[in-house]
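Remarks on the structure that follows.
The values are calculated or read from the model by the stated rules, or taken from the named source; none is laboratory data. Nothing here was measured: the structure is a model prediction, and the numbers come from that model. Counting neighbours? That spans all protein chains shown, and the Cβs are built from the backbone with ideal geometry, glycine included. Remember, those area values only see protein heavy atoms, side chains included, never the ligands or the DNA or RNA. Shrake-Rupley method; radii C 1.70, N 1.55, O 1.52, S 1.80 Å.
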Amino acid sequence: MKKIFCIISLTLIPLGNIFLQNLIPNSDFNDVNICHEYQIACSPKAWRTTGYKAVKYHNSQLKGATTDNSYIELLLLDESRDFDRKFIQTALLCELIENEKYTLSLRIKPHVFHINSIGVFFSDTLIFTETNMELENLKPDLIFDIPENIRSKDWATIEQTFTAKGNEQVIVIGNFAPDSLTFIHPINKKKYKKLQKKYQPKTKVVYGIDDVSLTPINSTPDCDLENNKIKIYRDSFRHSFQQLITETAANKDTLTTFTPNPQKEKTTISPIHETIVLNNIEFEFGKAILRSERLPELEKIIRLMEENNKITIEINGYTDNIGSEENNLKLSEDRARAVYDYLAEKGIHKKRMAYKGWGENNPLADNETDEGRKINRRVEVVIFNEN
């Protein structure tokens, strides 16, 4: 078993042979999750990141969509921080067979920068990490070299045939190369130089990803592909990975089952009661000053914590993408701290609370619209109920 920083394993359902099929669920990203708080399309079913950060999702059901094509945008490099990038993953519809050959292909669309390669890692478990640094030493099973002649915002297909080692149940896609071995350059150098004269563009490498296909060449999948797809979709939860784990542990019929990480036997994750988005609290524009002195939503949280002294909370602040990333990160933390201070003033012990700012990460809606940006400017309170 490969060394993974994760607490989920997979069990696949065997059935009779089914003729050659794509083993990737929701391979075209057309099937969409609905955000529970806002009842809007917000993420592709079956797919999730390896951490807290979400990816940008384009779907024809999203408000303001300009295309019928559904795809995700994946951050492959951000030079402003060490090993800053995102990875996407999904469980396979059927475990790969040892020594059997498979073809993996996907469509990619670069934005501003060309990158030398994209990697694929196969695992027997879904991965979740607090930071990307825990993924820094993972070695991809496949490396796709990106063609030099690929043009900005044009789709291109990359493909590779490989022999399975056996027991591959999860596919993870992203840039696994260290920063020192990730080489980038502007696709349109003349256009980029013109931009540099006006301002200093952010050095972020973003690629569109679509139509991921993994098909056996000679064998036939010995799994109930349709039933596994249903189970993977059922476990595709949008808002909280830890809540997914808690719910999965209680639901033995799901595709994934709870098992402790052998390297972290002494660490326990407290069940989450719920995540509350504070929709009715307002801050002064661009500031972390609460506009109202009495906040009914926070009063409910205070009463809940007063009635149960085993409850602890985590306060998470978020912003839209207007302004610099650094300023947004600080503003989101200041606003989370403002809620923290409010609760402390009302008598909640500080040891029962933590706060963190996430800036423009993990958007719930499209930042291209006023309505979407309003949704993304939020404070969430995650309630933990200790065992």
- Whenever you get a sec, line up M133, M353 from highest to lowest accessible area (probe 1.4 Å, protein heavy atoms). M133, M353
- Task: Taking only protein heavy atoms into account and a 1.4 Å probe, give the accessible area per residue of the stretch 85-138 in Å².
- Result: 30 Å²
- Task: Sort 112-122, 144-154, 367-377 for me by packing, meaning the mean count of neighbouring Cβ atoms within 10 Å per residue, highest on top.
- Result: 112-122, 367-377, 144-154
- Note on the structure: Per-residue accessible area, 1.4 Å probe, largest first, puts W155, W358 in the order W155, W358
- Message: Going by average Cβ density within 10 Å per residue, which order do the peptides 299-312, 336-349 take, highest to lowest?
- Response: 336-349, 299-312
- Message: Can you tell me how the stretch 60-153 classifies by the Cα gyration tensor, rounded, prolate or oblate, using a/c under 1.5 as the rounded cut?
- Response: rounded
- Task: Once you have the Cα-Cα distance between T103 and H185, take 0.36 nm times their residue separation minus that, and quote the gain in nm to one decimal.
- Result: 26.6 nm
- Taking a threshold of 29 Å on the Cα-Cα distance, which of the pairs K56/K191; K45/K191; K45/K374; K231/K356; K53/K153 fall above it? K45/K191; K231/K356
- Query: If you take the beta carbon distance between T163 and I230 as r and set R0 to 35 Å, what does 1/(1 + (r/R0)^6) give as a FRET efficiency, to the nearest 0.05?
  - Reply: 0.75
